[in-house]
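Contents: one structure, followed by commentary.
The values are calculated or read from the model by the stated rules, or taken from the named source; none is laboratory data. Please read all numbers here as calculations on a predicted model, not as lab measurements. Methodologically, a virtual Cβ is constructed for each residue, glycine included, from the backbone with ideal geometry; neighbour enumeration extends over all protein chains shown. Side chains included, ligands, DNA and RNA excluded: accessible areas come from the protein's heavy atoms. Shrake-Rupley method; radii C 1.70, N 1.55, O 1.52, S 1.80 Å.
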Amino acid sequence: MSRRKLYSSTFTLLIFIIVILPLSFPRLGSVRFVQCQADDFTPPQLQNPSYNDFITRAVYDRLSNLTSVILTSEIVQDSSFCIADPEAEWNTAFNYSTNLDFLTACLAKNRDITRRFCSAAEIKFYFSNLMSNGHHLKPNKNCNLSSWLSGCEPGWACSTDSEEPVDLKNSQEIPGRGSDCQSCCEGFFCPRGITCMIPCPLGSYCPLATLNNSTGTCEPYAYQLPAAIPDHTCGGADIWTDIGTSSDVFCSAGYYCPTTTNRTPCSSGNYCPMGSTDEKRCFKLTTCNSNTASQNLHAYGVLLIAALSTLLLIIYNCSDQIITTRERRYAKSREAAARTIREKTQARARWKAAKDAAKKHAVELHAQFSGKFSKKKHGKHVQEVKILNQTETETDDFHASMSASTSFSASGGNKTEHAHHTHMMHEMEDDSSSFEVFDSESRNKNIKKKIPKEKQIHTHSQIFKYAYSQLEKEKVQQQQNKNLTFSGVISMTMNDEIRKRPLIEIAFRDLTVSLKGKNKNLLRSITGNIRPGRITAVMGPSGAGKTTFLSALAGKAVGCVVTGMILVNGKSVSIHSYRRIVGFVPQDDIVHGNLTVEENLWFSARCRLSADLPKADKVLILERIIDFLGLQEVRGSLVGTVEKRGISGGQRKRVNVGVELVMEPSVLYLDEPTSGLDSSSSQLLLRALRREALEGVNICMVVHQPSYTLFQMFDDLILLAKGGLTVYYGPVRKVEEYFTGLGINVPDRVNPPDYFIDILEGMIKTSSSSGVSYRELPVRWMLHNGYPIPPDMRNDIAELPISPANINLGDDIHFPGSVTEEQSFAGEVWQDMKCNVERKRDMIRHNFLRSTDLSNRRTPNTLLQYKYFLGRVGKQRIREARVQVIDYLILLLAGASLGSLTKASDATFGYAAYTYTIIAVSLLCKIAALRSFSLDKLQYWRESASGISSLAHFVSKDTIDHFNTVIKPVVYLSMFYFFSNPRSSFGANYVVLLCLVYCVTGVAYVLAIFLDPGPSQLCSVLLPVVLTLIATQINATKYVKIIGNLCYPKWALEAFVIANAERHYGVWLITRCGALQKYGYNIHDWGLRIALLILAGVGCRVIAFVGMVTFQKK
């Protein structure tokens, strides 16, 4: 039924064919579509060729007045889905103005040619019956069971019975035809069952048929002579339809037909596909023998692959070489600056030692001279003062001479070395003055100093010299601080040149954390505070809620009920208001393995330090952290991943901490930073944290059984028991005293924290003399501090020797989870579902939580962070070049395989080949695009929680992925296009494939963000196959068609087919219209389908970004 409907509407366009023959006039210069005038003009039989040509042109002139009517008729409008430009399409199919020989020949054969043309009614009757009954037409006025003329046979036509003019525009009534039946003229085809002629379109070959006596057929056609009509001969062509039904009138492949009556073999160096009207010149480097239907473009595919490979090699190698060279120069500049500052520092130390020795020697000389004049004590005193307080120039000269004589006598006259050190000392003093000016300006915001242009720091060498000179000064200052008196400490505290971080104190009272919907407490009644400048250790056995405690203080306890009070600097504000100056070091080492140690730290510094901070100060902070953490030796090494070995585990743990230290936090939370580290690495890390604490940083860290040396480096201790109850909170130095008061003494040669943890685990029983069980320790602490006792713990108080008057029962306080209620099975299921929904809701609310910023730190804006992300992601992609090469090779192999196995058939306009192309490209590009967001989710969650822009993160990755979006279609088409050789241009195929890759990349982003790696890969494989199967269903139900119209494979496939179908014209018009209507395509929708692919890609990216921001885990 669909095929019948196909031709009932599409082939009505062939009503024009009958009128096209007399529509062309050479002197008009363009095709005219006209219908025959109703006249009885019959040209006389003349032998003069010029006069015959005049008669032919006269017929055309009479028919030209209906051209405009035909162009605006309903027939053209019905065929608009397969015809882009009617005038241009008809011009390529029926413009015979260049050669009217076939019409002149027909006029010479048939004097009444105008009465042999088919009318609109006959054409409509023919094509509608052709689709319903195949080659057999239904009986009509002229050809039926009672009247079957020779003109009813294929290839024959008759003239009208009446001398009255024939109204060719009449589409309702078939005129009577039964007189003077003859064979069809060359250049026309006469269908079986009607007695009229229709002109063949350009690109067809319609000669008179000749009888093949062996087969009994009229070649080159497939019909046979009727047995019932003797003396009947073969006529002309009999049918023009789509190539799938019959290809008899199509100009053969390897030939071209300049007219419908002339067929010429294709010459060497040219190629002629089926339906050609002229030869097409083969490109250079291609092989085209005579009678070739297509040119061999394999050489161009090889050249394109070679050019693309060379380009990629240049891009990757040059980029990698540029990065390597830049890092090498950067490292040389840094090492040179460090060496220069170190030499200057040593020279200054020697110079100071020489000055001290000279002063001492001068005092000794003065004492010797003054001994000789002991009677003149007053004069002696005056001379001593004079010597010790002489002018700087005299002292320096004196010291220089003394130092020179001393150096000469000690080294045997090595004056060159002394002069070198003297020059370096003066140079260092000059440089130091400029650095001091810069440091004073950058560190004190209240004092504005304008630095002269000649002293500003711009180059890497200047920046490193500044950084290392400041580090040397800090080391000297640290040595001096060890011997400071009380007044010295006060003066250092009042020094405005030292940049001080904001001090944040966090107090918590009755802090309780419980799971939503479940009567389970993770923390219970925790009271205390963590103070700036101190390191607080949180210890306890497994299940004591140590990490939950850190998460509650950091505002990361999502899906839990948090009760109690948390105060920040004495105010009830959210800790998120200080997010920019709060650092959180997770238990896992979440860093980028394909970046170096320095690159990980530098990226965190640039994105999280103040945007107003000069680059020199940022470099100083970076160098300080690298130096404190002992990462100098591995700063240029890749951190490494599970697949690729990098730095050691201890170094990786220090990098994990350094990512937070480098942003100069005021509060720092660390979740088991010493786990997995040896004693020396742990001490190195604690020393670095101790230096941060000296600058006023509030440090709270979870530790797991530290050594005694590490234990003594902590200031405060929070000891938790199972169930999240406090056992001890206070200074570390008093913890043993507290437990001794309870009768629990630490044995000799036993690490106190290990002993306390073993007691809380129940592994070690307390002595019977103490009378204290490990279950009573939380109650003991509550009683010791006068805290209220939860109802479920009051039974443990009865046996304690404590007066009830000293017990705070806290009757008016509600303790979550202290009372449990029995629920039915259905109630538990409903409660679990409700809790899951609430947990998701809290997570979304937490991700979109925006608090007032109280940190007073202005970090770089989104655009600047986008720039930093581009540099980082670009380096990561270059270091993953091997993976990219594998992706390109797989695409190359897929293109070669599909191009060889699935040729772009002219009958279907490459429908099958493009279907497989969409599946292959979608599958391969999706799997490759999953890596962009599925491999570093943990890193993103950490960076996002610290305040780094999610938009910059997403857009930068998408920007870098555009490189693959542009390159991958070229890689695939370099094989597929030149193997399958479709008629559509390479550019049209590239545009469609480019938009397809852009679309499926967005779909891959959605899968990578919403699903885990395993399910996302499975969906990436199944989704293209399922969607393509739905989109290619032709005889589908209404709902399946609606779903198919919303699938991206439908849009891409339609764009491919339309681009290929547009290159088929002339004799291909019926095939084109039939195929487009069969698939439900519209030739005008190519741009719409491209736009839909782009919009789908943009929409998927928006969904992926919203999902990334909304559903990220905390």
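Cβ-Cβ contacts under 6 Å between residues 6 or more apart (or on different chains), taken from a first residue in region 312-325 that is in contact (Cβ under 8 Å) with a residue 60 or more places away in the chain and surrounded by fewer than 15 Cβ atoms within 10 Å (Cβ to Cβ) to a second residue that is part of a helix (DSSP H, G or I) and of a type in the set (A, V, I, L, M, F, W, C), are listed as ASP320/ILE878. Is it the case that some residue within region 233-246 is surrounded by fewer than 16 Cβ atoms within 10 Å (Cβ to Cβ), touching a strand residue (DSSP E or B) at 6+ places or on another chain (Cβ under 6 Å) and not in a loop (DSSP other than H, G, I, E, B)? No, there is no match, as no residue in region 233-246 is surrounded by fewer than 16 Cβ atoms within 10 Å (Cβ to Cβ), touching a strand residue (DSSP E or B) at 6+ places or on another chain (Cβ under 6 Å) and not in a loop (DSSP other than H, G, I, E, B).
Consider ASP180 carefully, then state whether it is farther than 26 Å from THR114 by Cβ, open to solvent by 30 Å² or more (accessible area, probe 1.4 Å) and among the acidic types (Asp, Glu). No; evaluated as a whole, the condition is false for this residue.
Out of all the residues in region 208-227, is one or more touching a helix residue (DSSP H, G or I) at 6+ places or on another chain (Cβ under 7 Å), open to solvent by 20 Å² or more (accessible area, probe 1.4 Å) and in a loop (DSSP other than H, G, I, E, B)? Within region 208-227, none of the residues are touching a helix residue (DSSP H, G or I) at 6+ places or on another chain (Cβ under 7 Å), open to solvent by 20 Å² or more (accessible area, probe 1.4 Å) and in a loop (DSSP other than H, G, I, E, B).
For region 253-263, state whether one or more residues are open to solvent by 40 Å² or more (accessible area, probe 1.4 Å), small (Gly, Ala, Ser) and either closer than 30 Å to SER128 by Cβ or outside any helix (DSSP H, G or I) (or both). Within region 253-263, one or more residues are open to solvent by 40 Å² or more (accessible area, probe 1.4 Å), small (Gly, Ala, Ser) and either closer than 30 Å to SER128 by Cβ or outside any helix (DSSP H, G or I) (or both).
The strands (runs of 3 or more DSSP E) found wholly in region 531-646 and carrying at least 2 residues that are touching a residue at least 40 places away in the same chain (Cβ under 8 Å) and open to solvent by less than 20 Å² (accessible area, probe 1.4 Å) occupy 535-539, 582-585.
Among all positions in region 1017-1035, there is at least one residue which is over 29 Å from PRO201 (Cα atoms), in contact with a helix residue (DSSP H, G or I) (Cβ under 7 Å, 6 or more places away or on another chain), of a type in the set (Ser, Thr, Tyr) and open to solvent by less than 30 Å² (accessible area, probe 1.4 Å). Just so you know, in region 462-495 the residues that are outside any loop (DSSP other than H, G, I, E, B), of a type outside the set (A, V, I, L, M, F, W, C) and farther than 25 Å from ILE626 by Cβ include one that is modelled with the lowest pLDDT, and it is THR493. Candidates are the residues of region 81-117 that are under 60 Å from the mean Cα position of the chain (by Cα) and among the acidic types (Asp, Glu); the one that is farthest from TYR1081 (Cα to Cα) is GLU87.
Those helices (runs of 4 or more DSSP H) of region 83-152 in which at least 1 residues are open to solvent by 50 Å² or more (accessible area, probe 1.4 Å) and in contact with a Ser or Thr (Cβ under 6 Å, 6 or more places away or on another chain), considering only elements entirely within it, cover 120-133. Candidates ASN91, ASN52, ASN95: the one that is over 23 Å from PRO201 (Cβ atoms) and either modelled with pLDDT of 75 or more or not acidic (Asp, Glu) (or both) is ASN52.
Scanning region 699-727 for residues that are over 12 Å from LYS546 (Cα atoms), of a type outside the set (A, V, I, L, M) and touching a Lys or Arg at 6+ places or on another chain (Cβ under 9 Å) turns up GLN712, PHE714, ASP715, ASP716. Being in contact (Cβ under 8 Å) with a residue 40 or more places away in the chain, part of a loop (DSSP other than H, G, I, E, B) and open to solvent by 10 Å² or more (accessible area, probe 1.4 Å) holds for only one residue in GLY723, GLY743, and it is GLY723. Within region 1083-1101, can one find any residue that is among the aromatic types (Phe, Trp, Tyr), open to solvent by 10 Å² or more (accessible area, probe 1.4 Å), within 34 Å of the chain's Cα centre (by Cα) and within 30 Å of ASN95 (Cβ to Cβ)? Checked against the condition, which is being among the aromatic types (Phe, Trp, Tyr), open to solvent by 10 Å² or more (accessible area, probe 1.4 Å), within 34 Å of the chain's Cα centre (by Cα) and within 30 Å of ASN95 (Cβ to Cβ), region 1083-1101 yields at least one hit. Within this structure, THR709 passes the test of being open to solvent by 60 Å² or more (accessible area, probe 1.4 Å) and among the hydroxyl-bearing types (Ser, Thr, Tyr). Would you say SER956 is crowded, with 20+ Cβ neighbours inside 10 Å, of a type in the set (S, T, N, Q) and touching a Cys at 6+ places or on another chain (Cβ under 9 Å)? So SER956 fails the test. Are any residues in region 1036-1066 part of a helix (DSSP H, G or I), farther than 30 Å from TYR205 by Cα and either open to solvent by less than 50 Å² (accessible area, probe 1.4 Å) or β-branched (Val, Ile, Thr) (or both), and if so, which ones? Residues satisfying the conditions are VAL1040, ILE1042, ILE1043, GLY1044, TYR1048, PRO1049, LYS1050, TRP1051, ALA1052, LEU1053, GLU1054, ALA1055. Criterion first (free of Cβ contacts under 8 Å to residues at least 60 places away in the same chain, closer than 25 Å to VAL992 by Cβ and not β-branched (Val, Ile, Thr)) does SER905 satisfy it? For SER905, the condition - free of Cβ contacts under 8 Å to residues at least 60 places away in the same chain, closer than 25 Å to VAL992 by Cβ and not β-branched (Val, Ile, Thr) - is met. Hey, does region 135-143 have a residue that's closer than 22 Å to TYR221 by Cα and in contact (Cβ under 8 Å) with a residue 60 or more places away in the chain? Yes; the residues of region 135-143 include at least one that is closer than 22 Å to TYR221 by Cα and in contact (Cβ under 8 Å) with a residue 60 or more places away in the chain. Of all the listed residues (LYS867, LYS875), the sole one being among the charged types (D, E, K, R), surrounded by 16 or more Cβ atoms within 10 Å (Cβ to Cβ) and part of a helix (DSSP H, G or I) is LYS875.
The set of residues in region 895-914 being open to solvent by 20 Å² or more (accessible area, probe 1.4 Å) and hydrophobic (A, V, I, L, M, F, W, C) consists of ALA896, LEU898, LEU901, ALA907, ALA912. Against the conditions (1) among the charged types (D, E, K, R); (2) within 25 Å of GLN712 (Cβ to Cβ); (3) more than 41 Å from the chain's Cα centre (by Cα), LYS520 satisfies every one except (2). Mind listing whichever residues of region 144-165 are in contact with an Asp or Glu (Cβ under 7 Å, 6 or more places away or on another chain) and either within 19 Å of ASP231 (Cβ to Cβ) or among the β-branched types (Val, Ile, Thr) (or both)? Matches in region 144-165: PRO154, GLY155, CYS158. In region 281-300 there is at least one residue matching the filter, namely being under 30 Å from ILE878 (Cβ atoms) and assigned to a helix (DSSP H, G or I). Could you run through region 284-329 and say how many residues are closer than 26 Å to ASN270 by Cα, out of contact with any Gly (no Cβ under 7 Å at 6 or more places or on another chain) and not aliphatic (A, V, I, L, M)? The qualifying residues number 11.
Within the set ARG733, ARG749, the sole residue that is out of contact with any helix residue (DSSP H, G or I) (no Cβ under 8 Å at 6 or more places or on another chain) and modelled with pLDDT under 90 turns out to be ARG749.
For the subset of region 669-712 comprising residues that are part of a strand (DSSP E or B) and among the aliphatic types (A, V, I, L, M), which member is farthest from SER946 (Cα to Cα)? This residue is VAL702.
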